[in-house]
Amino acid sequence: MTVLPQFGDMNPTLQTVRLISDCFIKPHTTPDESKHPYYLSPWDLLMLSVQYIQKGLLYSKPSAAVDDGGRFINDLLKKLKHSLSIALVHFYPLAGRLATIRYEDEGSSLVYVDCNNSPGARFIHARLDMTISDILSPTNVPLIVQSFFDHDRAVNYEGHSRPLLSIQVTELLDGVFIGCSINHSIVDGSSYWHFFNMWSEIFQADDGNFSISRPPVLPRWFPETHGPILKLPFTEPDQFISRFEAPQLRERIFHISPESLAILKARANTEHKTNKISSFQSLSALVWRSITRARGLSPDQTTGCRLATNNRSRLNPPLPENYFGNSIQAIRAVATVKELLENNLGWAAWKLHEAVVSHDDEKVRNHVNKWLESPFVYQIAQLFDPLSVMMGSSPRFNKYGNVFGMGKALALRSGYAHKFDGKVSCYPGSEGGGSIDLELCLPPDFMSALEADEEFMNACTTLTH
């Protein structure tokens, strides 16, 4: 597990994460439901050619654990494995593997989850001779962070031979990073953090109690008269699976305080003479305009801002909040560069507001119905638009409530997956209070221009850990 020096590393020396141990974790007990095929919805099948979700949390070791001969980390690993085995009783599809039935005569195939023919979820213990400060103090996120995750560059279709869930615990000199990689054909962001939250809840309970506060709703959603068997019009993986290599990027975390968000929201609403624009729409408009300026695009070019949107509450009737699986869609606002930059922040924020409020049950179902008429699979290279911005993840997810015996996490970081020019992931700020951290990826020249953008940098706050 080695990361070679690339642009963005502060110290151009070979840095290595060493594998200490590796095992598989099965559910503590086997649910009866796991003996049957677990079929995937249209939203899940769309994700087969994109990458695993890779997010993780960095914790500080208790001071007594730094020189205790490994007792703390050994106890931690044991408890993490035990609580994970209990969590997998509730989230049993994560312990399975993908399987495919091919129908050569009709040129189609059925991809589903086989929960029986699998060794379980993977659990890795690794070690790195670096400190928390080495990870958090550089301006750019060090590339070594990508080695804190399993499934580097893997696409979801590889869940046939790779675990659908992989946990990597990387021990630092004074800290612990818990990285979680989950197949994106099985979960979206809401379900990803739902699992993480319940795993943490079980870890903290430490009483052998198998009940959890938010049991997942496991049956997949299918449109009326369709499913649960949905076939893809392909028989070979190379017909619908592709690889995406990101261009050279700088990755940086920008912190937005609650006070700065309030100022942005008030400004956007005042400029557009309304009170309907949200804080997040205002922030997204700022990011969209600022990155567009940094890129120096021609006035007549068309640029867009896409927002990853949860469909659960938009369906009628709505899906349960604890629905386990994918229920997301990217909505988009577009404008010419001239329109976006010559109009004010409120104008751009209103474009995003309109895209959000118009995304209703009819639009969600129309998208699904078009897929049913002609099934396809998302390709990252097609989703990536070098003229646009993609706002992913959500500051609403409970990310810092995951406690594993080391107090609150210091920071959240992600792996290689889904990073391209203009990708922005939105996290709650580590200190809470409604703050937001933006994980922003741009080519080096564009990032330098953004760092010189007065409007954007005035909205950011320097946060010291």
May I ask which residue of Trp350, Asn366, Ala268 lies farthest towards the positive end of the charge dipole of the range 250-396, with charges of +1 (Lys, Arg) and -1 (Asp, Glu) on Cβ and the Cα centre as origin? Ala268
Using mean Cβ contacts within 10 Å as the protection proxy, how do 90-100, 423-433 order, highest first? 90-100, 423-433
Do any trypsin sites (Lys or Arg not before Pro) in the range 251-281 lie in a loop, going by DSSP, with at most 14 other beta-carbon atoms within 10 Å of their beta carbon, and if so which? Lys273, Lys276
For a quick check: with amide H placed at 1.01 Å from N, whose amide H comes under 5 Å from Ala330's, ignoring anything fewer than 5 positions away on the same chain? Thr309
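How do the peptides 30-40, 388-398, 184-194 rank, highest first, by the average count of neighbouring beta carbon atoms within 10 Å per residue?
Working: 30-40: 15.5, 388-398: 19.8, 184-194: 24.6.
Descending packing order for the listed peptides: 184-194, 388-398, 30-40.
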What is the Cα centroid distance between the range 229-265 and the range 30-91, reported in whole angstrom? 22 Å
Placing +1 on each Lys and Arg Cβ and -1 on each Asp and Glu Cβ in the range 204-297, then taking the dipole about the Cα centre, the residue among Ser278, Leu232, Ser213 whose Cα reaches farthest towards the positive end is Ser278
For the chain, what is the relative contact order in percent, using Cα pairs closer than 8 Å and at least 6 residues apart in sequence? 22 percent
Cα gyration tensor, the chain - rounded (a/c under 1.5), prolate or oblate: oblate
If I take every Cα pair under 8 Å that is 6 or more residues apart in the range 195-313, average their sequence separation and divide by the length, what percent do I get for the relative contact order? 11 percent
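With the other protein chains left in place, how much accessible area per residue, in square angstrom, belongs to the chain at a 1.4 angstrom probe?
Values: 18860 Å² over 465 residues.
Dividing the accessible area of the chain by its residue count gives 41 Å².
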In 5 Å bins starting at 0, how do the alpha-carbon pair distances of the range 171-297 split up by percent? 2, 6, 8, 9, 12, 13, 14, 15, 12, 7, 2, 0
At what distance in nm do the modelled label points of Lys78 and Thr16 sit from each other, each positioned 7 Å from its Cα along Cα→Cβ? 3.0 nm
Which whole-angstrom value gives the distance between the alpha carbon centres of the range 396-463 and the range 94-160? 22 Å
What size of dipole, in debye to the nearest 20, comes out for the range 146-231 about its Cα centre when the only charges are +1 on Lys and Arg C-beta atoms and -1 on Asp and Glu C-beta atoms? 460 debye
Determine the dipole magnitude for the range 65-168: charges of +1 sit on the beta-carbon of Lys and Arg, -1 on that of Asp and Glu, nothing else is charged, the reference point is the Cα centre, and the result goes in debye to the nearest 20. 320 debye
So, counting K/R as plus one and D/E as minus one, what does the shell of residues with Cβ under 13 Å around Pro119 add up to? +2
Tell me which GluC sites (Glu not before Pro) from the range 216-300 have a DSSP coil assignment and no more than 15 other beta carbons within 10 Å of their own. Glu224, Glu245
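When Lys and Arg each count +1 and Asp and Glu each count -1, what net charge do the other residues less than 9 Å away from Gly422, Cβ to Cβ, add up to?
Values: positive: Arg295, Lys423; negative: Asp385, Asp421.
Spelling it out: positives minus negatives among the neighbours equals 0.
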Given +1 on the Cβ of Lys and Arg, -1 on the Cβ of Asp and Glu, and no further charges, what dipole in debye does the chain carry about its Cα centre, rounded to the nearest 20? 460 debye
Along the charge dipole of the chain, which of Ile101, Ile73, Tyr427 sits closest to the positive end, that is, farthest toward it, with unit charges on the beta carbon of Lys, Arg, Asp and Glu (+1, +1, -1, -1)? Tyr427
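The values are calculated or read from the model by the stated rules, or taken from the named source; none is laboratory data. What you see is a predicted model, and the numbers here were worked out from it, not measured in a lab. We place every Cβ from the backbone using ideal geometry, glycine too, and count neighbours over all the protein chains shown. We work out accessible area using only protein heavy atoms, side chains counted, and drop any ligands, DNA or RNA first. Shrake-Rupley method; radii C 1.70, N 1.55, O 1.52, S 1.80 Å.
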